[in-house]
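Comments concern the structure below.
The values are calculated or read from the model by the stated rules, or taken from the named source; none is laboratory data. Everything numeric here is computed off the predicted structure, so don't read it as measured data. Cβ placement follows ideal geometry from the backbone for every residue including glycine, while neighbour counts extend to all protein chains displayed. Just the protein is used for accessible areas: all its heavy atoms, side chains included, with ligands, DNA and RNA removed. Shrake-Rupley method; radii C 1.70, N 1.55, O 1.52, S 1.80 Å.
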Amino acid sequence: MSVSIWQDRSNRHNLAEQCSDIIVIGGGIAGLSCAYWILQEDSELKVTLIEKGEVGDGATGRNAGFITCGSVEHFNRLVEKHGESEALEIWKFSETNLELLEEHLITGSEKELQFEKKGSFSLASTETEFQELKKSALLMQKLGIEVEVIEKSDIDSRLGARGFIGGIKYLGDASIHPMKLLDKMKEKLLSFKNFKLFENSEVFKINSVSQEKEVLTKGHRFKAPIVVLATNGYSALLHDYFKDKIYPTRGQILATSSVEKFMEGPCYANFVLDYFRQLPSGELVIGGFRQLQKDVEIGYSDETSDVIQNALEQFIQTHLPALSEADITHRWSGIMGFSVDGQPMVGAIPSDQQIYFLGGFTAHGLGLAFHGAKCLADILFDREIPSFISAKRF
Ligand SMILES: Cc1cc2nc3c(=O)[nH]c(=O)nc-3n(C[C@H](O)[C@H](O)[C@H](O)COP(=O)(O)OP(=O)(O)OC[C@H]3O[C@@H](n4cnc5c(N)ncnc54)[C@H](O)[C@@H]3O)c2cc1C
């Protein structure tokens, strides 16, 4: 948001002022998780969370609900880039993310959150990708990660999917209703007496005033010694530091009417670019095909495009016969934050050590952000974090 000199009321003496110990900007899974871990650490701290729309208006309320391990690419590529030991560390990091989510938020509320732990599949439609998946599976098995190779005939019977020649199943993955997860987090946060939430409050400026940070929205002047940016894809709009580090990248989805259950679990296809899953209530959610319009699928607009929406529909017609008669009920898009190297970034801005941040979840925030936010709290409380996630790597 740009604000004109006429709209900027920060110099008015009667602008509502709000003082806290820590301000978190961004009401997605990262921001809520940060506030949660900070308050777990010290419930006496005054934590204020500011969200420009409502909680969940960003990517977290618009994603497909996969809670998957690893990153945007097949495990063999992760090993090629990082070596076996760090690739395993990256995988384990997201495994711990799910364990933490279960321990702190999910256990006992599985039904309410539509949480299912049925693993996830990566499907190959070409021999080249199947070879790569099998290579990944061997590497993973060697490192003790639970994975199963799936042959063509099983794909048909277990997933109701046609046109794939093989795949692998990651046994530990899960899925969830992302908005219900956020609702649960919000409810927990609001039970802390020192937590304050400001929705419909877009931050347009962060100033330094004496030893403090002054965070301005049209209606408030917020003050705190520490600010955490959990604005992911939108981060570069608030601070130039992110311009060459976290790129706003659009993803599109559609959802169909409900059909009888036909899939064993959520699926990725085409080198993790496309994905689909059947919800517990029978609807199919399918997204991807960003590769068709890479130049358009950037920026901050959450429009949908005919090219990608048609490709999603075509995918259903080609690969998922159970849905041939289903109606399309929803089409939407959301803005993700892609980091330069595909791994999340947690740290402080080098030129301003009072502004911390976490972001760059590169399409995997549900699988990474809860643990990532714990790392942010680790930094605030002077503990080390894994180097692959630390922003110091840049
Ligand atoms: C179509 C799509 C499908 C996806 N599927 C999956 C999936 O299945 N599994 C998975 O793990 N990940 C998926 N992702 C990615 C996942 O949604 C993100 O990684 C995750 O939600 C990031 O969470 P976040 O809190 O960092 O960002 P967000 O949820 O985007 O939250 C950032 C918040 O900051 C707010 N904000 C921005 N600027 C300001 C400001 N100036 N003032 C105040 N507030 C501000 C925004 O309104 C927003 O609510 C998908 C994303 C999309 C778009």
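The table for this structure:
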{"read-out": "Qualifying residue in the stretch 377-393 (condition: touching a residue at least 40 places away in the same chain (Cβ under 8 Å), in a loop (DSSP other than H, G, I, E, B) and more than 29 Å from Ile25 (Cβ to Cβ))", "value": "no"}
{"read-out": "Check on Lys135, among the charged types (D, E, K, R), touching a Phe, Trp or Tyr at 6+ places or on another chain (Cβ under 6 Å) and surrounded by 14 or more Cβ atoms within 10 Å (Cβ to Cβ)", "value": "no"}
{"read-out": "Sole residue being under 17 Å from the mean Cα position of the chain (by Cα) and at pLDDT 95 or above, chosen from Val55, Val47, Val72", "value": "Val55"}
{"read-out": "Output for the stretch 115-135, where each listed residue is over 15 Å from Pro280 (Cα atoms) and of a type in the set (Lys, Arg)", "value": "Lys134, Lys135"}
{"read-out": "Matching strands (runs of 3 or more DSSP E) fully within the stretch 1-74 where at least 1 residues are more than 16 Å from the ligand (Cβ to nearest atom) and surrounded by fewer than 22 Cβ atoms within 10 Å (Cβ to Cβ)", "value": "16-19"}
{"read-out": "Residue count for the stretch 275-305, restricted to those that are hydrophobic (A, V, I, L, M, F, W, C) and assigned to a strand (DSSP E or B)", "value": "5"}
{"read-out": "Number of the condition not met by Phe222 [criteria: (1) assigned to a loop (DSSP other than H, G, I, E, B); (2) farther than 19 Å from Ala30 by Cα]", "value": "(1)"}
{"read-out": "Residue within the stretch 273-282 that is open to solvent by less than 50 Å² (accessible area, probe 1.4 Å) and more than 14 Å from the ligand (Cβ to nearest atom) present", "value": "yes"}
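Conditions (1) within 9 Å of the ligand (Cβ to nearest atom); (2) out of contact with any strand residue (DSSP E or B) (no Cβ under 7 Å at 6 or more places or on another chain), marked per residue:
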| position | (1), (2) |
| --- | --- |
| Glu325 | no, yes |
| Thr329 | no, no |
| Trp332 | yes, no |
| Met336 | yes, no |
| Asp341 | no, yes |
| Gly347 | no, no |
| Ser351 | no, yes |
| Ile355 | no, no |
| Gly367 | yes, no |
